[in-house]
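Colleague: After the structure tokens below, expect a handful of questions from me.
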Amino acid sequence: LSLPSKSLKGTPEDLPSGPNIDPLSDIPPKPVNVPKGVVNVALDKPVTSSVAPYLGELKIVTDGKKEPIDDDAVEFRKGTQWVQIDLGRSHAIHAIAMWHDHRYIQVMRDVIVQVSDDPEFKTGVITLYNNDTDNSSELGVGTDREYFEQHFGRVVPANGVKARYVRGYTRGSNQSGLNVWQEIEVYALPGQ
């Protein structure tokens, strides 16, 4: 995994805490095991969203750039919003890496990652990650933990699940009701 630079912004004094939030740490998370030879099949793939962005362009989500700068982020209005990547065909997905907004140290709310072969996400939906423990986004109660946005991103194991579309949801952060995405990478073996 190619990591972006660490943000130079200082750590806020009033950080959220609780039993459902991973503590802030400078130690990278444990790597996710994937087969040798996986590549980012989402690179430069088309992106759609629940609403038009008010800052930035959708192509930023899959352009391979994830530095902690304004040019590498796309921002959306408040409420539960999603971005969706069309991989062009179904792939056996082994991991999904995501960066929401590591320009600041913050906790994104209601982070949900789903995959499907249905572009409308009405059938065959598989949820790979969900930290919405109170079901405020109405996509089911999640059991995953919230985490601080950092240059490490968050890597979600997918264990070879087959899907063409990847959808990522958020519902603001502890700092703002706005939704931000910097990058989504989807790892699969070429030709699979």
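The values are calculated or read from the model by the stated rules, or taken from the named source; none is laboratory data. Here the structure is a predicted model, which means the values were calculated and not measured. Cβ atoms come from the backbone with ideal geometry, glycine included; neighbour counts cover every protein chain shown. Ligands, DNA and RNA are stripped out before the accessible areas are found, and what is left, the full protein with its side chains, is counted by its heavy atoms. Shrake-Rupley method; radii C 1.70, N 1.55, O 1.52, S 1.80 Å.
Colleague: Can you give the FRET efficiency to the nearest 0.05 for Lys78 and Leu15, using r as the Cβ-Cβ distance and R₀ = 25 Å? Kindly include the intermediate steps, with their values, before the conclusion.
Modeller: Values: r = 22 Å, r/R0 = 0.87.
Computed FRET efficiency for Lys78 and Leu15: 0.70.
Colleague: Please calculate how many Å² of accessible area region 142-192 carries per residue, with a 1.4 Å probe and no DNA, RNA or ligand atoms counted. Walk me through the numbers before you get to the answer.
Modeller: Details: 1770 Å² over 51 residues.
Accessible area per residue, region 142-192: 35 Å².
Colleague: Subtract the Cα-Cα distance of Asn33 and Glu57 from 0.36 nm times their separation in residues, and report this length gain in nm to one decimal. Don't jump to the answer; show the numbers that get you there.
Modeller: Details: separation 24, 0.36 × 24 = 8.64 nm, distance 3.19 nm.
Here the answer is 5.5 nm.
Colleague: Grab the Cα-Cα distance for Asp134 and Lys6, subtract it from 0.36 nm times how many residues apart they are, and report the gain in nm with one decimal. Could you put the intermediate results ahead of the total?
Modeller: Details: separation 128, 0.36 × 128 = 46.08 nm, distance 3.10 nm.
43.0 nm is the gain from fully extending Asp134 to Lys6.
Colleague: While we're on this one: Beta carbons within 10 angstrom, averaged per residue: use that to sort the peptides 160-167, 43-50, highest first.
Modeller: Output ranking for 160-167, 43-50: 160-167, 43-50.
Colleague: Could you tell me the relative contact order of the chain? Use alpha-carbon pairs under 8 Å, at least six residues apart, and round to a whole percent. Spell out each step's value before the answer.
Modeller: On the way: 479 pairs, mean separation 64.2, N = 192.
Over the chain, the number comes to 33 percent.
Colleague: List the residues of region 148-192 whose backbone N lies under 13 Å from a point placed 7 Å from the Cα of Phe121 along the Cα-to-Cβ direction.
Modeller: 165-171
Colleague: Give me the percent of the accessible area of region 2-135 that comes from carbon and sulfur atoms, probe 1.4 Å, all protein chains in place. Each step should come with its number before you reach the end.
Modeller: Working: 3770 of 7120 Å².
With neighbouring chains kept in place, the figure for region 2-135 is 53 percent.
Colleague: Hey, another quick one. Which of the three applies to region 23-75, rounded, prolate or oblate, going by the alpha-carbon gyration tensor with a ≥ b ≥ c and a/c under 1.5 meaning rounded? Kindly include the intermediate steps, with their values, before the conclusion.
Modeller: On the way: a/c = 2.44, a/b = 1.38, b/c = 1.77.
Taking the square roots of the gyration eigenvalues as a ≥ b ≥ c, region 23-75 is oblate.
Colleague: Turning to a different aspect of this structure: Go through 143-153, 104-114 and give me the packing order, highest mean Cβ count within 10 Å leading.
Modeller: Working: 143-153: 19.4, 104-114: 21.8.
Most protected by this proxy first, the peptides run 104-114, 143-153.
Colleague: Next up: Could you tally the net charge around Pro29, taking each other residue with its Cβ under 14 Å from the Cβ of Pro29, Lys/Arg +1 and Asp/Glu -1?
Modeller: Working: positive: Lys30, Arg145, Arg154; negative: Asp22, Asp26, Asp144, Glu146, Glu149.
Net charge around Pro29: -2.
Colleague: Which lysines does Lys78 reach when only Cα atoms under 30 Å apart count, and residues fewer than 8 places away in its own chain are ignored?
Modeller: Qualifying lysines at Cα under 30 Å: Lys6, Lys9, Lys45, Lys59, Lys65, Lys66, Lys122.
Colleague: Straight distance only, please: which aspartates and glutamates reach the Cα of Lys162 with their own Cα at less than 19 Å, same-chain residues fewer than 8 apart left out?
Modeller: Within the straight-line cut-off, Lys162 pairs with Asp86, Asp117, Asp118, Glu120, Glu185.
Colleague: For every other residue with a beta carbon closer than 12 angstrom to the beta carbon of Glu146, add +1 if it is Lys or Arg and -1 if Asp or Glu, then tell me the sum. Walk me through the intermediate numbers first.
Modeller: Working: positive: Arg109, Arg145, Arg154, Arg171; negative: Asp22, Asp110, Asp132, Asp134, Asp144, Glu149.
Charge balance near Glu146 sits at -2.
Colleague: Which of the aspartates and glutamates could a cross-linker span from Lys30 if the Cα-Cα distance has to be under 17 Å and same-chain partners fewer than 8 positions apart are dropped?
Modeller: Leaving aside aspartates and glutamates fewer than 8 places away in the same chain, those within reach of Lys30 are Asp22, Asp144, Glu146, Glu149.
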